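These notes concern the structure reproduced below.
The values are calculated or read from the model by the stated rules, or taken from the named source; none is laboratory data. Predicted model, so just to flag it, every value in this text is computed and none were measured. Note that each Cβ is placed from the backbone with ideal geometry, even for glycine, and that neighbours are counted across all protein chains shown.
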Amino acid sequence: MIGSKDENLKLELKKLIIEECDKDIEVEEISDDEILFGSDTSLELDSMDALQISMALHKKYGVDANDSKKLRKIMASINTLADYIQPE
């Protein structure tokens, strides 16, 4: 998996999440391994945010994940998301 090694891709993903979810946070405040969803996370993303993010990922990267379990695994962190988008 090379996506998690691509700093530009991870930066793009952080910006996308911040914009789509209307979060007042800087990209530097999001760790690459940080869990993205849940009330005990810095972003506090929820299911509505997941929907917004998945639609934006589909539009920008062609990511097609309609299965909520699969989507949950893909969007666990910035690194898992980057590896899914850019596996090799």
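Would you call residue 50 of a type in the set (A, V, I, L, M) and under 11 Å from the mean Cα position of the chain (by Cα)? Considered against the rule, which asks whether it is of a type in the set (A, V, I, L, M) and under 11 Å from the mean Cα position of the chain (by Cα), residue 50 comes out as yes.
Counted as qualifying within segment 22-88 are the helices (runs of 4 or more DSSP H) with 1 or more residues that are in contact (Cβ under 8 Å) with a residue 60 or more places away in the chain, namely 78-85. Just one of the listed residues (76, 82) is buried (at least 19 other Cβ atoms within 10 Å of the Cβ) and of a type in the set (Gly, Ala, Ser), and it is 82. Being at pLDDT 90 or above and surrounded by 15 or more Cβ atoms within 10 Å (Cβ to Cβ) is a property that holds for residue 9.
Taking the criterion of being loosely packed, with under 12 Cβ neighbours inside 10 Å and out of contact with any Asp or Glu (no Cβ under 9 Å at 6 or more places or on another chain), the residues of segment 39-67 that qualify are 40, 47, 48, 59, 62, 64, 66, 67.
Would you mention how many residues in segment 62-88 are more than 10 Å from the chain's Cα centre (by Cα) and within 16 Å of residue 19 (Cα to Cα)? So the answer is 0. Does residue 14 count as charged (D, E, K, R), surrounded by 16 or more Cβ atoms within 10 Å (Cβ to Cβ) and assigned to a helix (DSSP H, G or I)? So residue 14 passes the test.
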